[in-house]
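The values are calculated or read from the model by the stated rules, or taken from the named source; none is laboratory data. All values reported here derive from a predicted model rather than from experimental measurement. FYI the Cβ positions are ideal-geometry reconstructions off the backbone, even for glycines, and counts take in every protein chain you see. Heavy atoms of the whole protein, side chains included, go into the accessibility calculation; ligands, DNA and RNA do not. Shrake-Rupley method; radii C 1.70, N 1.55, O 1.52, S 1.80 Å.
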Amino acid sequence: MTDAPDAPVALRAVVHGRVQGVGFRWATRERLVALGLDGAATNRPDGTVEVVATGPRSAVDRLLAWLRDGATPGHVTRVDVDQDVGPGASSTP
């Protein structure tokens, strides 16, 4: 995989915290569209939300930063990233 900012990448992240019933999925879908990414946000039975996204590395990195920065609806306590998609894509909030 190349490190170019426009190289296509995929992200699967599980977001923990108070993220169900607070507009988190809706806001995440809106952010996906604004960043030009394909993807979805889905509630999971354990109270987390799974976010999947594909598109340019720079846009996926911006989505991941947004998920972690506290500006989302609800309260994110942790973001687990299953696939490293670029700079800062560790599994810490």
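Accessible surface of T42 in the full protein assembly, 1.4 angstrom probe, to the nearest 10 Å²?
70
Rounded to the nearest 10 Å², what accessible area does D46 show when all protein chains are kept and the probe is 1.4 Å?
Counting only protein heavy atoms, the figure is 100 Å².
Per-residue accessible area for E50 at 1.4 Å probe radius, Å² rounded to 10?
About 50 Å², ignoring ligands and nucleic acids.
Accessible area per residue of region 7-67 at 1.4 Å probe, in Å²? Working shown, then result.
Details: 2760 Å² over 61 residues.
Dividing the accessible area of region 7-67 by its residue count gives 45 Å².
For region 21-86, what D do you get in µm² per second when you plug the Kirkwood radius from alpha-carbon pairs into Stokes-Einstein at 20 °C and 1.002 mPa s? Present the calculation step by step, with values, prior to reporting the outcome.
Working: Rh = 12.1 Å.
Once the numbers are plugged in, D ends up at 177 µm²/s.
Among residues other than V76 whose Cβ falls under 10 Å from its Cβ, what is the net charge (Lys/Arg +1, Asp/Glu -1)?
On the way: positive: R18, R68, R78; negative: D69.
Net local charge, V76 excluded: +2.
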